[in-house]
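Below is one structure, written out as structure tokens; comments come after it.
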Amino acid sequence: MAVSRQEKRRLDYKPPLFTITDVDLSFSLDLTKTRVVQKSKVKRLTPDLSQPLVLDGDGLKLLGVRINGQECSFTETAKSLTIPVSEKEFWLEVVTEISPADNTELMGLYVSDGKFCTQNEPEGFRRITYFLDRSDVLSRYTVHISAPAGQYPFMLSNGNPVSDSTQDGVRTVTWKDPFPKPSYLFALVAGDFDELSREFVTRSGKKVQVRLYVDRGMAPFGDAAIDSVLRAMKWDEDRFGLEYDLSRFNVVSVDFFNAGAMENKSLNIFNSRYVLVDPASATDTDYENVLSVIGHEYFHNWTGDRVTLRDWFQLSLKEGLTVFRDQEFSSDLGCRAIERLKAIRVIRGPQFAEDSGPMAHPVRPDYVMEMNNFYSATVYDKGAEVIRMIHTILGEEGFQKGMRLYISRYDGKAVTCEDFVSAMEEATGTDLRQFRNWYSQSGTPVVTVSMNYDERTRKCELTVKQKTPPTPRQPEKKPFVIPIKMSLYDRQGNRIPLIKDGVPAAPVQIADEESQSWLFENVPERPVPALLEGFSAPVKLEYPYTEEDLRILLMHAEDPVSRYDAVQSLIINYFYRNAENFERNLPFSEPKALIEAYRYILNSDMDRRFAAFVMTLPSINSVIENFRVVNLDAVFAVYRHLRDCLVIGLRDEISRLYGRSLQVYEERVRTPGSYAVTPEQMGERALAEFLLDFQARSLTLSGDAAGAAALVLHHYRISDNMTDTLAAMKTAVRYGLSSEAEILGDFEEKWSGNPLVFDNLFRAVAMAPRPDTLNRVRDLMRHKCFDIGNPNRVRALIGAFASGNPECFHAIDGSGYEFLTETVRQLNRTNGHVAARILTPMLALRRFDRKRCDMIKGCFEKLLGEPDLSDAVYELIDKSLRHL
Ligand code: TRP
Ligand code: ZN
């Protein structure tokens, strides 16, 4: 334990003393005794011949070390191998033995359901062999995989297959990757699979063989994924001018995986959750996720693989940019407004929570103990927003010019976020000096806008102030460059042209000082400002909107995000007002403006999916982000009250519209096979889900619980797709309807053979805000589908409870905290990274009341007493306690 627990600092970066130009790896596969022979050509990078070679390792059994073919001396510690050498260039040979079957951490080489696979990002390669396991050492890989003939029909690695031969019953397959790459992009897969294949012809006429490997018998579930690969290849050519660079592209689906997927060069490895879909078992969202994750990993080929990272502090260089690219991909192929709302929800939920908590870090972190903890909403999603702001400032053309310079200048190199920003500056002649604060400063800026309108001069002055609260190690902040896309509307909802200094002003105004003002001229009446259109910056925006202002924006704003935000503001204002009423023991107010807003939406011809998005209440977790100190009990009570007021106030509309929805639905299911993931159908289903929930609640509130149960059961019974099935199941479980048992029983009978689908039941039960939920979660941990060693199961049951059910998780008796603590303690022994991940909802303890805060502290102390606490869990707890 004393060995690590050391933070690394970004500014301590030193270039490597050695590099490995070529590496030849031979694997003799065996479940518990895999032999790895590494032969590397090592080159010294400094003139100082006295420096020994120091290699990274982790949990390896060392069988031999040679330099230039000769046995040599060395010193081995738990995490390193030091070899005194004085040559400038030499051959290194390292033989290690590892046990993939015992690798429960799922980092390095491990076994997933009988198949060998690897996950080496960020520092997994050192669990395979002693190596310069850092992203700025780029090597050419040749890989030989050997196993008893017939054992593993498919043996894959990066690059191109070069030979396949069998001798004395041992088959050896050799792969060669012509592109130098860091060790984190190395991959190996061996096992039996169904193989899907397609051919893609690049725009310059090169043929690419695309292969997808899935569990035997699952081939029909792989069609959407492999089609998505081809769509991604085409889109990257069309929008970014980037062509695929090898004649082979492989994707493998595995069941045991710590994250979503991994971009290993030409051998992407995926969590099966983002590959396997079919109409009967996948939701509309599952289909969308497959497209975006396949796109994401494919796009890494240029932004991550060809141009890679100098060090892990630069993670957002590839992740922020690649998330931006996958968001654009999904928007160009699907619905831009909906994609934007999905991204906004991530920022206002988990990302704002991270920014306001003890783990707050800049998009480019400065201090890291366990790198795995920094695969965060800040690095990924806020990082994508930072790229999006650059795009907003430069425009598509300027941005693409910058991209071309970035790629051509840094191809084959390991670079930094700074290099990306400079390429953007140089290509377009833009000064982004102050913009760089987005990379260095953590925390969410609060932008406060006020208006001064002068009827006589027809001048409208907006005063724009920004302030960013202190975050760990950053008490003071400099102003950010905040692009604020905006419009002014008159009371009839017409846009008023923006005129500044007598000339038309750009729709994107830049706020870059602590306080500044913008003077708009020729404004005929006191306008309603639409601010932060398209969510043009990841900030909290405050403006004293009246309910009438918000009504105008909801009805007339051209930007869909402004319409969405109008309703969000009404909701948040309702929470502010009534959390206060709760604390003062005053009765709750009537949400009149909201009921009117919902009535307007329900009666409008708005896009149905968009309407469902707008009317679905924000998660409790994102509501919490609007309070500095949170009274959880107040938030829970207001939430329930608001929902029931909406249900009662809109009873007639809901009942009529659910009736209409049901009719459309019944009509469609009469034609078998008519289910399709089209925008129209997705819209119908999304709206039906919202209406079903409200209608069931409405019937329950008016004393007709039996009617609600029957309604939901009918919705479930006629369903021919997972989206409608789950809508019914979730409603039955959420409200504890009497048809719940029948629905759960049927679902179990149909799907308990498919754990990925069964996860939906885990999530539905875990997220129901009911007093008996924790006991049900505990029971489900004994279900035959549950496996604490599989991260998907852990996230679906335990993760969903802890982060998707705040009412139960924060139960005042501490039962939620105790349960999570027990589970984290157990998981820590087998998979510290997953343990750390599910601990996240406890980190915000400082913002809770005394009682809850103390209970969480007690849990943390218990965990700190645990022997062999992983760095991942330790870092989170340590930072939380320091933050108090
Ligand atoms: N680079 C992966 C991505 O596409 C992230 C990732 C995959 C990962 N597997 C991991 C991160 C395991 C940490 C641990 O975003
Ligand atoms: Zn990524």
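Annotations
- The chain: angle of helix 755-766 to the longest principal axis, Cα-based, in degrees nearest 10: 40 degrees
- Of 452, 258, 718, farthest towards positive along the dipole that unit charges on Lys, Arg, Asp, Glu beta carbons give the chain: 452
- Close amide H partners of residue 171, meaning residues 5 or more places away or on another chain with modelled amide H under 5 Å apart, are 147, 149.
- Segment 652-751 - accessible surface per residue (Å², probe 1.4 Å): 42 Å²
- Amide H contacts for residue 139 (H built 1.01 Å from N in the peptide plane; partners 5 or more residues away or on another chain; cut-off under 5 Å): 181.
- Phi angles across segment 446-462 convert, under the Karplus curve 6.51 cos²θ - 1.76 cosθ + 1.60 with θ = phi - 60°, into 3J(HN,Hα) values of 9, 9, 10, 10, 10, 10, 10, 10, 10, 4, 5, 8, 6, 10, 10, 10, 9 Hz, Gly and Pro given as x.
- Taking the longest Cα principal axis of the chain as reference, the axis of helix 336-346 is set at about 80 degrees.
- Coupling constants for segment 714-723 follow from the phi torsions by the Karplus curve (6.51 cos²θ - 1.76 cosθ + 1.60, θ = phi - 60°), and in residue order they are 5, 4, 5, 5, 7, 5, 10, 7, 6, 4 Hz; glycine and proline get x.
- Straight-line reach from residue 207: taking Cα to Cα under 21 Å and skipping same-chain neighbours fewer than 8 places apart, the lysines in range are 176, 234, 265.
- Our summary of shape: the Cα atoms of segment 1-192 have principal axis extents of 49, 35, 30 Å, ordered from largest down, in whole angstrom.
- Estimated at 0.36 nm per residue, the fully extended path between residue 862 and residue 21 surpasses their Cα-Cα distance by 298.1 nm.
- Relative to the longest principal axis of the Cα atoms of the chain, the long axis of helix 547-556 lies at roughly 70 degrees.
- Between the beta carbons of residue 408 and residue 206, assuming R0 = 22 Å, the FRET efficiency works out to 0.70 to the nearest 0.05.
- Averaging the sequence gap over all C-alpha pairs within less than 8 Å and six or more residues apart, then dividing by the number of residues, gives the chain a relative contact order of 8 percent.
- For segment 416-532, convex hull volume per residue from C-alpha positions, Å³: 117 Å³
- Between residue 526 and residue 239, the FRET efficiency estimated from the beta carbon spacing at R0 = 41 angstrom works out to 0.50.
- In the full protein context, segment 202-300 carries 28 Å² of accessible surface per residue, based on a 1.4 Å probe and ignoring ligands, DNA and RNA.
- This model, with +1 at the C-beta of Lys and Arg and -1 at the C-beta of Asp and Glu, gives segment 652-751 a dipole about its Cα centre of some 100 debye.
- Accessible area in square angstrom per residue, segment 1-192, 1.4 angstrom probe: 44 Å²
- Placing dummy labels 7 Å off each Cα toward the beta-carbon, the span from residue 588 to residue 453 is 3.3 nm.
- Per-residue HN-Hα couplings for segment 833-848 [Karplus 6.51, -1.76, 1.60; θ = phi - 60°; Hz; x = Gly/Pro]: 5, 5, 4, 5, 4, 6, 6, 2, x, 8, 5, 7, 3, 4, 8, 8
- Gain in span if fully extended, residue 815 to residue 787, counting 0.36 nm per residue against the direct Cα distance: 7.9 nm
- Solvent-accessible surface (1.4 Å probe) assigned to residue 369 amounts to roughly 20 Å².
- Segment residue 547-residue 168, extension gain: residue separation times 0.36 nm, minus the distance between their alpha carbons: 128.4 nm
- Straight-distance crosslink candidates among aspartates and glutamates, where the alpha carbon sits under 15 Å from residue 478 and sequence neighbours closer than 8 are dropped: 512, 513, 514
- The solvent-accessible area of residue 525, taken with every protein chain present and a 1.4 Å probe, is close to 50 Å².
- Length-normalised contact order for segment 265-395 - Cα pairs under 8 Å, 6+ apart - percent: 27 percent
- Counting protein heavy atoms only, the chain has 50 percent of its accessible area on carbon and sulfur, 1.4 angstrom probe.
- Overall form of segment 1-101 per C-alpha gyration tensor (a/c, 1.5; a/b vs b/c): oblate
- Dipole magnitude for the chain: computed about the Cα centre from +1 point charges on Lys and Arg Cβ and -1 point charges on Asp and Glu Cβ, it is near 960 debye.
- Zone residues, segment 838-882, relative to residue 366, backbone N less than 20 Å from point 7 Å out along Cα-to-Cβ: 875-876, 878-882
- Modelled this way, with points 7 Å down the Cα-to-C-beta line, the labels at residue 600 and residue 45 are 5.9 nm from one another.
- Paramagnetic label zone (point 7 Å from Cα along Cα-to-C-beta, residue 63; backbone N under 13 Å) in segment 141-170: 146-147
The values are calculated or read from the model by the stated rules, or taken from the named source; none is laboratory data. As the structure is a prediction and not an experimental result, all values here were calculated from the model. Please note: Cβ atoms are built from the backbone with ideal geometry, for glycine as well, and neighbour counts cover all protein chains shown. The protein model used for the area step is the full one, side chains on, heavy atoms only, and it has no ligands, DNA or RNA in it. Shrake-Rupley method; radii C 1.70, N 1.55, O 1.52, S 1.80 Å.
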